[in-house]
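Worksheet: the structure to be examined is printed underneath.
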Amino acid sequence: MGFTSIDELISETSSGKFWRTDWNKIIGGVTLTAGRWYDMSPLTGTPIANAWSGTSLAFQNTNSSSTFSMYHGGNVSPDTKHVLNGAVVTAAATGVPAVLMLVDMQGYYPGINMNASTSQTLTGTPTLRYTNGVGVRAYLTTAVATGATAHNLSMTYTDDAGNTGNTLPVTVSCTASAVVTHLTHSGTAANNYGPFLPLAAGDTGIRSVQSVQLSAASGAGTAALVLARPILTIPITTLGVAGERDFINQIPSLPQIKDDACLTWLYFTGAATVASTNFYGSLEFGWS
């Protein structure tokens, strides 16, 4: 049910229904371009890097046991868990301004060939923590750098109402020569969208994806198509000063964290972010 009063929040968290997790991530060996979104889960740091393991094109469910998920205190049902506070800071001048988005990754389709223009059939049944996939969105993240040939992305999916054969409602262009961790359809060019792929009119989520296809082979690379539910965002504006969010007093949203959630970060670059830029942060959770 969640907290019904500040008194209850204090009572429950002081009795032990509280967890704080501290994390850090380090940008890899290349500079990240301003105005694009990147997936932090494959970056080194704490938790360890996501390797996009599994059989190519077959859905891999993720949960709190996934090695790259931030630990958030374990399952608490019949209680409900909520984010109380969050903070992010960087010691690198090119790490600001930026926005970090916390998502609950439901899973991913690995091994998508970015050097093929034929339709690629995706298999497997996602296990979703959100009924019918409401609020679940998709993004394509680069696992191995893509080639220099321009290409668009098309996709067929099942929506939150169970309708099959849905397609992207607009032309979606991917970035040529996309680097590892880049959400390849995000950026500032025409027909870029980010962080999530656009849904058909009236859709509020995705249950599963049936196929993806590129308009042209890029020349190299692989990618993972991820299904995730956005939870919250934290902006950082100033070098060495933490961007903070108090989810109790700053419009008391108290975002819910589902049992078994796989928590990871997406990163929006407000400036070109140089290699080896580090980010540190914390999240505090309570439940009742």
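Across the alpha-carbon atoms of region 194-250, the computed radius of gyration and Dmax are 17.7, 50 angstrom.
The accessible-area ordering, largest first, of the residues Lys81, Lys258 stands as Lys258, Lys81, per a 1.4 angstrom probe.
Note on Tyr71: accessible area approximately 110 square angstrom, rounded to 10, probe 1.4 Å, nucleic acids and ligands left out. In this label model, Ala176 and Asn152 are separated by 1.6 nm, measuring between points 7 Å along each Cα→Cβ vector. The listed residues Asp22, Asp160 rank as Asp22, Asp160 when sorted by accessible area, largest first, using a 1.4 Å probe. Shape analysis of the chain places it in the oblate category; the axes a ≥ b ≥ c from the Cα gyration tensor give an a/c of at least 1.5, with a/b not above b/c. Computed with a 1.4 Å probe over protein heavy atoms only, the accessible area of Trp37 comes to about 30 Å². Taking the 1.4 Å solvent-accessible surface of region 159-260 as the whole, the part contributed by carbon and sulfur is 49%. In a simple Cβ point-charge model (Lys, Arg +1; Asp, Glu -1; nothing else charged), the chain has a dipole of about 560 debye relative to its Cα centre.
A 1.4 Å probe run over the chain, with the rest of the protein chains in place, finds 40 Å² accessible per residue. A crude spin-label estimate for the pair Asp22 and Asp79, with each label 7 Å from Cα along the Cβ direction, gives 2.3 nm.
Counting only heavy atoms of the protein chains and using a 1.4 Å probe, Ser53 has close to 70 Å² of accessible surface. Alpha-carbon geometry of region 178-274: the Rg and the Dmax are 16.8, 50 Å, given in that order.
The values are calculated or read from the model by the stated rules, or taken from the named source; none is laboratory data. Small disclaimer: the values here were computed from a predicted structure and weren't measured. Quick reminder, even Gly has a Cβ in these numbers, built from the backbone with ideal geometry, and neighbours come from all protein chains shown. Note: areas computed on protein heavy atoms with side chains; ligands, DNA, RNA excluded. Shrake-Rupley method; radii C 1.70, N 1.55, O 1.52, S 1.80 Å.
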